[in-house]
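Below is one structure; the comments refer to it alone.
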Amino acid sequence: MGDLERIDLHPTHHIAGYDLRPGRPLPYGATRVPGGINFSVASMYATACTLVLYERPGGPATVEIPFPPDFKVGKVFAMVVFGLDAETVEYGYRVDGPWDPDAGHRFDPSIVLLDPFARAISGRPVYGVRTDAPLRSRIGFDDFDWEGVRPPGIPMQELVVYEMHVRSFTRHPASGVRHPGTFGGLREKIPHLLELGVNCVELMPIFEFDELAMADDRLDYWGYGTVGYFAPKAGYAVTGPLGMQIDEFKNLVKTLHANGIEVVLDVVFNHTGEGDERGPTVSFRGIDNKSWYMLAPDGSYRNFSGTGNTLNCNHPLVRSMVLECLHAWVSEYHIDGFRFDLASILGRDTEGHVLDNPPLLETLAHDPVLANVKLIAEAWDAGGLYQVGNFPHYDGRFAEWNGCYRDAARRFLRGDDGQVKTVAECVMGSPELYPWRGPMASVNFITCHDGFTLADLWSYDRKHNDANGEDNRDGADHNDSWNCGVEGPTENPAIRATRGRMARNSLALLLLSRGVPMLLMGDEMGRSQQGNNNPYCHDGPVGWVDWRLCDTNADLLRFARQLVALRRACPVLRAPEHPTQTGDDPDIVFHGVQPDQPEWAEWARTLAFEWRAAEGEGGVYAAFNMHWQGHVFTLPPPPAHCQWHQVVDTHALSPGDFTPLEEAPPLRRSSALVGPRSCLVLVARRA
């Protein structure tokens with residue numbers, strides 16, 4: 001140890017009964033050093049900062065220690081406090097400076113602020129339970145034993161993604177788990193994920209947020225109002241009241257990895273839970289409002305997120321926070337990837353203009369720690385910027401939620417005019433959007449948390465969001481949905497049968513397309529949100545997965561499981577390149593009701609395509625008839641030395657809608673009737 005290190009370990013000040021010394025400005029936040037804790041907080045415009053310590057969790061402040069003037073490095077307040085118990089101490093900051101909203105400054109030293117870099121946050125240990133304790137920063141630990149379990153490292157082309165909300169997945173009493181609505185509850189349901197065949201879960205926000213922060217009685221249920229980017233949500237942990245949410249979440253990740261399932265986090269770097277000037281001051285606004293947020297010349301908040309504020313992502317301070325945050329989740333939690341909410345905001349400059357070469361995105365794309373991490377962009381924002389196919393991707397590092405796939409698939413399945421050619425492009429992995437990146441740039445989906453569930457997509461013509469308390473104004477108005485004849489629930493057997501076929505057709509199209517398929521939680525069992533396409537505030541049956549549906553809709557669940565298994569059995573569906581359509585040996589051939597005669601006309605509602613495997617076996621033929629009448633499709637000849645085996649017929653009653661490949665007999669006919677609004681799938685096997 002050098003002389004400088006020896007000197008640094010000795011106190012130089014004694015204030016309020018605590019030994020102190022000047023701290024190190026990096027890393028930001030609170031970190032252990034020999035004998036004490038280093039506290040570092042950056043603010044470009046603050047004039048003073050005070051550390052507030054709570055040595056008894058949930059108790060009153062033990063002491064407030066102003067940072068001495070000589071404990072400042074540049075614009076960073078940094079101080080080591082000796083003798084603190086890192087396991088129990090909680091802390092916050094009072095930050096002083098000008099109160100000048102017109103100039104962008106909103107300093108208020110009467111408020112104790114959260115540390116933006118806090119590894120854990122207390123104050124909401126039980127979800128939805130209001131307490132007198134404010135949100136407080138904690139140190140957190142990094143002593144978890146991973147027991148040698150490593151991330152699975154699954155290639156993009158092998159993924160089947162399952163988007164889920166941690167609490168909604170097991171909160172329903174029918175889930176049967178010991179600790180509903182928690183990380184532990186999700187861990188108990190891993191067998192369901194394995195049976196379904198998914199190998200990647202995309203978790204809606206699990207960073208700490210205050211579900212009770214909204215002005216009225218509604219909840220921030222979905223959790224997009226982040227207040228702690230480094231801290232797992234305590235209210236999602238069984239052990240949250242014990243402050244053990246870090247270990248509980250790590251245990252979930254470890255168990256998922258041990259079962260071959262990757263973890264992608266939905267991260268929200270476009271806005272925070274502080275809202276606009278009417279919102280609470282929790283952290284960022286009180287520490288350095290002008291640096292953290294995009295502000296108009298009059299000091300008001302630019303709102304490209306639709307939630308009141310927009311993080312100033314390409315400001316150096318914010319950019320460094322985002323990078324350090326992702327580093328922490330990868331290195332400390334072994335996270336496999338990130339889905340960036342409203343990612344187009346990450347490409348705007350400090351005034352909201354779209355950048356040609358956004359520094360933040362370039363940094364993430366080329367960062368060595370993130371080199372093997374999956375980066376997925378929601379390539380649009382609430383300010384009207386839509387970049388699907390044009391998101392800055394840096395040599396293909398960013399994949400995209402393909403909203404164009406969703407829209408084209410829904411319209412084709414509904415039977416709209418002029419959709420056949422468009423959906424054919426989608427089946428190939430959208431080469432017109434990703435001409436050289438390949439289909440792995442396309443995360444294909446038909447439903448996600450935003451919008452209708454799969455069951456509701458084919459049960460409602462319009463949204464029914466009255467229970468949200470916004471007079472049905474919230475949520476998307478254009479859903480490309482169809483109620484099949486009656487709005488909402490019905491006992492009409494013909495309509496119910498049509499809805500069942502539409503759900504199966506949707507799953508078939510999704511799983512037979514190149515790209516990365518993403519399923520929405522509960523769609524495999526017919527979950528409904530009662531026509532609500534934006535249940536962001538509902539901690540109740542509208543948002544929960546009702547596990548009784550596994551029995552009620554066992555036929556649909558069986559179909560979904562078998563379809564995922566079929567995708568795994570046919571490598572041609574998972575190839576990482578766009579298929580060739582020309583030459584002597586094309587990878588895909590499009591047909592109509594007659595072989596080699598696709599129907600691209602505006603009025604056409606039928607599409608057949610043939611995925612050709614190199615050795616013939618494993619080739620797939622699919623015929624989609626979205627017309628209200630049945631059509632006879634003449635089948636193309638099977639590959640050499642192979643026979644067609646029928647595995648899917650969505651017009652047939654279960655179990656005839658899916659015949660497992662190993663049980664499917666050879667097809668002895670040269671044509672097949674595809675019923676109205678149905679699809680047929682054949683697989684080539686050696687004769």
> ³J(HN,Hα) across the range 248-260 via Karplus (A = 6.51, B = -1.76, C = 1.60, θ = phi - 60°), whole Hz, x for Gly/Pro?
Replying inline: 5, 5, 4, 5, 4, 4, 4, 5, 4, 4, 5, 9, x
> Residue by residue through the range 380-396, which ³J(HN,Hα) values in whole Hz follow from phi under the Karplus form 6.51 cos²θ - 1.76 cosθ + 1.60 (θ = phi - 60°), with glycine and proline marked x?
Replying inline: 7, 9, 7, x, x, 7, 10, 10, 4, x, 10, 5, x, 10, 6, 6, x
> How much of the DSSP beta bridge set in the chain is antiparallel, as a percent to the nearest 5?
Replying inline: 75 percent
> Which one of A42, A424, V73 has its Cα pushed farthest toward the positive end of the charge dipole of the chain, where Lys and Arg give +1 and Asp and Glu give -1 at the Cβ?
Replying inline: A424
>> Just to confirm a number: summing +1 for Lys and Arg and -1 for Asp and Glu over residues other than E610 whose beta-carbon lies under 11 angstrom from that of E610, what do you get?
In response: -1
>> Using amide H atoms built in the peptide plane, which far-off residues or other-chain residues are under 5 Å from V80 H to H?
In response: R21, G23, F39
> Can you tell me the Rg and the Dmax, both Å, for the Cα atoms in the range 276-373?
Replying inline: 14.2, 43
> Given C325, G58, I376, which one lies farthest toward the positive end of the charge dipole of the chain, if we put +1 on the Cβ of every Lys and Arg and -1 on the Cβ of every Asp and Glu?
Replying inline: I376
> In the range 300-387, what GluC sites (Glu not before Pro) fall in a loop by DSSP, with at most 15 other Cβ atoms inside 10 Å?
Replying inline: E351
>> From zero outward in steps of 20 Å, how is the percent of C-alpha pairs of the chain spread across the bins?
In response: 18, 48, 26, 8, 0
> So, in Å, what gap is there between the alpha-carbon centers of the range 557-636 and the range 472-542?
Replying inline: 24 Å
> Taking amide H positions as placed 1.01 Å from N in the peptide plane, with prolines and chain starts having none, which residues 5 or more places from H651, or on another chain, fall under 5 Å of its amide H?
Replying inline: G675, C679
> Which trypsin sites (Lys or Arg not before Pro) does the range 160-263 hold that lie in a coil by DSSP with at most 15 other beta carbons within 10 Å?
Replying inline: R178
> In degrees, nearest 10, range 0 to 90: what is the angle between the Cα axis of helix 316-333 and the longest Cα principal axis of the chain?
Replying inline: 70 degrees
> What is the Cα centroid distance between the range 197-232 and the range 275-329, reported in whole angstrom?
Replying inline: 17 Å
> In deg cm²/dmol and to the nearest 500, what is the mean residue ellipticity at 222 nm of the chain if only DSSP H runs of at least 4 residues count, each as -39500 (n - 2.57), divided by the residue total?
Replying inline: -6000 deg cm²/dmol
> In debye to the nearest 20, how big a dipole does the range 580-686 give about its Cα centre with +1 on each Lys and Arg Cβ and -1 on each Asp and Glu Cβ?
Replying inline: 360 debye
> Averaged over all directions, how much area does the convex hull of the C-alpha atoms of the range 580-686 cover when projected, in nm²?
Replying inline: 6.8 nm²
>> Net charge around L342, counting only other residues with Cβ within less than 9 Å of its Cβ (Lys, Arg = +1; Asp, Glu = -1)?
In response: -3
> So which GluC sites (Glu not before Pro) in the range 105-195 are both in a DSSP loop and have at most 16 other Cβ atoms within 10 Å of their Cβ?
Replying inline: E147
> Over the Cα atoms of the range 138-182, what is the Rg over Rh ratio if Rh follows Kirkwood?
Replying inline: 1.11
> Which of L361, S168, A560 sits farthest toward the positive end of the charge dipole of the chain, with +1 on the Cβ of Lys and Arg and -1 on the Cβ of Asp and Glu?
Replying inline: A560
>> Only four residue types carry charge here, +1 at the Cβ of Lys and Arg and -1 at the Cβ of Asp and Glu. Report the dipole size of the range 391-535 about the Cα centre in Debye, rounded to the nearest 20.
In response: 560 debye
>> To the nearest 20 Debye, how big is the dipole of the range 449-507 about its Cα centre, given +1 on the beta carbon of each Lys and Arg and -1 on that of each Asp and Glu?
In response: 460 debye
>> Just to check I understand the Karplus step: with θ = phi - 60° and J = 6.51 cos²θ - 1.76 cosθ + 1.60, what whole-Hz values come out for the range 104-116, glycine and proline as x?
In response: x, 9, 9, 6, 8, x, 6, 9, 8, 9, 6, 6, x
> Using the Kirkwood radius built from alpha carbon pairs, what does the Stokes-Einstein equation give as D for the range 3-138 at 37 °C and 0.692 mPa s, in µm² per second?
Replying inline: 211 µm²/s
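No value in this document is a laboratory result; all are computed from the given coordinates. Remember, predicted model here, so these are calculated numbers, not experimental data. Using ideal geometry, Cβ is built from the backbone for each residue, glycine included, and neighbour counts are taken over all protein chains shown.
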